[in-house]
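Undergrad: Sending over a structure as structure tokens; questions will come in a sec.
The values are calculated or read from the model by the stated rules, or taken from the named source; none is laboratory data. Just so it is clear, the structure is predicted and the values come from calculations on it, not from any experiment. Don't worry about glycine lacking a Cβ; one is built from the backbone with ideal geometry, like all the others, and counts go over all protein chains shown.
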């Protein structure tokens, strides 16, 4: 059963000194800041891209495969991380797989910036990681990204997953921030469509809904990497005219608990110094009310994007 005591809002402690030092050293590193998304795209790649890291900071991995599939909107590049720790199950056809959609307000970010952390996830879990270079907004808007997510799930649950040693019943989805939002959205959509579900979903500080009426939006409005007021622009980039922000697949966190039933096991991570903190906590609370097997982990001293900074 679900853990019983998930609150509706979170809290914060004391900001980790190393994160404060990093943010102070990179004052222009913001998400949703005044520089605009084109600057943020370039700057994030320069700071976080795996090609920019010294060799001694790159996590080892058994194998990296660069591949692509033909999706509903064109070619979808996918970077596959095969861990040494999962080799035996891969050979047995019993490997687990995590499809990962990165964050960045639907607009910023690339697999290059997330590969290093995902290498660690792969080796620590023994699970293959499929990092997807999905089409970003504003050039491509909702539901393009969910179409691509679902296409990758179908691909991995089929013969191409089997060819890579993946058990079709062990395909999970995950993502951070906007990637967490899209993971929650595609999980609900596949449930509604009667498609084979994900085995589990992993939501890292997800944008479960717009956060502006929460304590976290006031406490963490500015200065902690994700600029809360910049989320308006990300929502505008992502949503085509005529699609309300309350749409079930856009704002899963706005749905009543009764409409969230039947989802796969879910893990939700939240951070104290994050304007999205309380919408993530709220979503975990609603999932618990809906009877979903949900596990919530709160890191009161960390920021949004803590896995990167």
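Undergrad: Would you be able to tell me the number of residues in segment 56-101 that are out of contact with any strand residue (DSSP E or B) (no Cβ under 9 Å at 6 or more places or on another chain), closer than 27 Å to residue 182 by Cα and in a loop (DSSP other than H, G, I, E, B)?
TA: 3
Undergrad: Considering only residues that are at pLDDT 95 or above, buried (at least 19 other Cβ atoms within 10 Å of the Cβ) and part of a loop (DSSP other than H, G, I, E, B), which ones fall in segment 291-309? Write out each step before concluding.
TA: At the first step, the residues of segment 291-309 found to be at pLDDT 95 or above are 291-304.
With the extra rule that they be buried (at least 19 other Cβ atoms within 10 Å of the Cβ), the set shrinks to 292, 294, 296, 298-299, 302-304.
If the condition is that a residue be at pLDDT 95 or above, buried (at least 19 other Cβ atoms within 10 Å of the Cβ) and part of a loop (DSSP other than H, G, I, E, B), then 292, 304 are the ones that fit.
Undergrad: Additional query: On the given criteria, is residue 145 in contact (Cβ under 8 Å) with a residue 40 or more places away in the chain and closer than 15 Å to residue 78 by Cβ?
TA: yes
Undergrad: Take residue 5 and tell me if it is surrounded by fewer than 17 Cβ atoms within 10 Å (Cβ to Cβ), part of a loop (DSSP other than H, G, I, E, B) and free of Cβ contacts under 8 Å to residues at least 40 places away in the same chain.
TA: yes
Undergrad: Filter segment 155-176 for residues that are within 25 Å of residue 294 (Cβ to Cβ) and out of contact with any strand residue (DSSP E or B) (no Cβ under 7 Å at 6 or more places or on another chain); which is surrounded by the most Cβ atoms within 10 Å (Cβ to Cβ)?
TA: Restricting to residues being within 25 Å of residue 294 (Cβ to Cβ) and out of contact with any strand residue (DSSP E or B) (no Cβ under 7 Å at 6 or more places or on another chain), the top hit is 168.
Undergrad: Suppose we keep only residues that are in contact with a helix residue (DSSP H, G or I) (Cβ under 7 Å, 6 or more places away or on another chain) and farther than 8 Å from residue 272 by Cβ within segment 8-22. Which one would you say is surrounded by the fewest Cβ atoms within 10 Å (Cβ to Cβ)?
TA: Ranking the candidates gives 8 first.
Undergrad: Do we find a residue being without any contact (Cβ under 8 Å) to a residue 40 or more places away in the chain and under 30 Å from residue 58 (Cα atoms) anywhere in segment 294-301?
TA: Narrowing segment 294-301 to residues without any contact (Cβ under 8 Å) to a residue 40 or more places away in the chain: 297, 299.
Now restrict to residues that are under 30 Å from residue 58 (Cα atoms): 297, 299.
Looking through segment 294-301, at least one residue is without any contact (Cβ under 8 Å) to a residue 40 or more places away in the chain and under 30 Å from residue 58 (Cα atoms).
Undergrad: In this structure, is residue 223 surrounded by fewer than 20 Cβ atoms within 10 Å (Cβ to Cβ), over 24 Å from residue 300 (Cβ atoms) and either modelled with pLDDT of 95 or more or within 19 Å of the chain's Cα centre (by Cα) (or both)?
TA: Values: surrounded by fewer than 20 Cβ atoms within 10 Å (Cβ to Cβ): yes; over 24 Å from residue 300 (Cβ atoms): no; either modelled with pLDDT of 95 or more or within 19 Å of the chain's Cα centre (by Cα) (or both): yes.
No; evaluated as a whole, the condition is false for this residue.
Undergrad: I'd like the full set of residues that are surrounded by fewer than 16 Cβ atoms within 10 Å (Cβ to Cβ) and in contact (Cβ under 8 Å) with a residue 60 or more places away in the chain, limited to segment 249-264. Spell out the reasoning first.
TA: Our first condition is that a residue be surrounded by fewer than 16 Cβ atoms within 10 Å (Cβ to Cβ); within segment 249-264, this holds for 256-259, 261-262.
Of everything in segment 249-264, just one residue is surrounded by fewer than 16 Cβ atoms within 10 Å (Cβ to Cβ) and in contact (Cβ under 8 Å) with a residue 60 or more places away in the chain, namely 262.
Undergrad: Same structure, new question: I'd like to check something: does segment 239-248 contain any residue that is modelled with pLDDT of 95 or more, in contact with a strand residue (DSSP E or B) (Cβ under 8 Å, 6 or more places away or on another chain) and either surrounded by 15 or more Cβ atoms within 10 Å (Cβ to Cβ) or part of a loop (DSSP other than H, G, I, E, B) (or both)?
TA: No; the residues of segment 239-248 include none that is modelled with pLDDT of 95 or more, in contact with a strand residue (DSSP E or B) (Cβ under 8 Å, 6 or more places away or on another chain) and either surrounded by 15 or more Cβ atoms within 10 Å (Cβ to Cβ) or part of a loop (DSSP other than H, G, I, E, B) (or both).
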